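For reference, the structure discussed in these notes is given below.
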Amino acid sequence: MPRPLSAAAERTVLDLWAARLRVPRTTFDAPGTTFVERPADFPAVVVVELGGAVVVTGPGPALADLRPLPDGALLDGSALLRALAARSPHLVGRARLAYADASSFVEPHLAPGLAVRPALGPDLEDVLSRLTPEEREESGLDDATDAQVLTDATGRPAAACGYEVWDDVMAHVGVAVAADRRGQGLATTVAAAVTRQATTAGLVAQWRARPENVASVRVADRLGYVRLGTQVAVNLGG
């Protein structure tokens, strides 16, 4: 049975997103939709749902296109693209937002012959260079400030994981496995080490994954990440 996220961690998540979206913290206390207007040159529409409360941010004209949509459609990338068709929209992606802290984290067993250590010198690039450009961008590891690599018996890095600290309270975690080393559970092992490091430091760990990336979702589930919401982003102007 999954371990629950602590009440303090849930508050941290809601406080952080309220600050980032520039809405009152009470916005997430009950289901409902809030539209937050950004300057006319703001280049995107971002939708965040947490606990049934939905916040939609974007320039005023784009928000006017979205207001007639039912709440469920605001989390549907295809529906957003249709409503924003006149604004040359591009779907950045839809992601599930899941979180872990010391109370929910599940420690897996380390397989024999594997070692996890801090990324040094070219270690991280060794892994990232074996990804497609799209996979590299999705991993978010180019922005990670704390990264670790998993090495096999040869000593070569086979997987990497790291995090970027958000607002001094959250570790936004990213993971990548070299294309030639997938399907061996390496992502779970290296992500466990990084999640442990983040939660031990008192941070709430965030795992953002596309729903169709089943492997990433499974890793998060194995490590005790608890899903709290959804994020959808659409760039405007091509």
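Every number in this text was worked out from the coordinates using simple rules, so none of it is lab data. All values reported here derive from a predicted model rather than from experimental measurement. Glycine also receives a Cβ, built like all others from the backbone with ideal geometry; neighbour counts cover every protein chain displayed.
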Exercise. Relative to the Cα centre, what is the charge dipole magnitude of region 7-98, using +1 at the beta carbon of each Lys and Arg, -1 at the beta carbon of each Asp and Glu, and rounding to the nearest 20 debye?
Worked result: 140 debye
For this session: Treat the count of other C-beta atoms within 10 Å as a stand-in for reagent exposure and order V23, V56, V190, V226 from fewest to most.
Result: V23, V226, V56, V190
Problem set entry | Given charges at beta-carbon only (K, R positive; D, E negative), |dipole| of the chain in Debye | 440 debye
Problem set entry | Computed [θ] at 222 nm, deg cm²/dmol, the chain (DSSP H ≥ 4; -39,500 (n - 2.57); rounded to nearest 500) | -8000 deg cm²/dmol
Seminar exercise, completed: Here the relative contact order (percent) of the chain, from C-alpha pairs under 8 Å and at least 6 apart, is 27 percent
Exercise. How would you classify region 107-222 from its alpha-carbon gyration tensor, with a ≥ b ≥ c the square roots of the eigenvalues: rounded for a/c under 1.5, else prolate if a/b is greater than b/c, otherwise oblate?
Worked result: rounded
Exercise. GNM on the chain, C-alpha springs below 10 Å: top fluctuator among V204, V165, V36?
Worked result: V36
Problem set entry | Two-site FRET efficiency, N235 against T200, from Cβ-Cβ distance with R₀ of 35 Å, rounded to 0.05 | 0.45
Exercise. Among T189, T154, T34, what is the fewest-to-most ranking by other Cβ atoms within 10 Å?
Worked result: T154, T34, T189
For this session: Before anything else, pin down the relative contact order of region 7-98: Cα pairs under 8 Å, at least 6 apart, normalised by residue count, whole percent.
Result: 19 percent
Exercise. So what is the relative contact order for region 107-222, in percent, with contacts set as C-alpha pairs under 8 Å and at least six apart?
Worked result: 24 percent
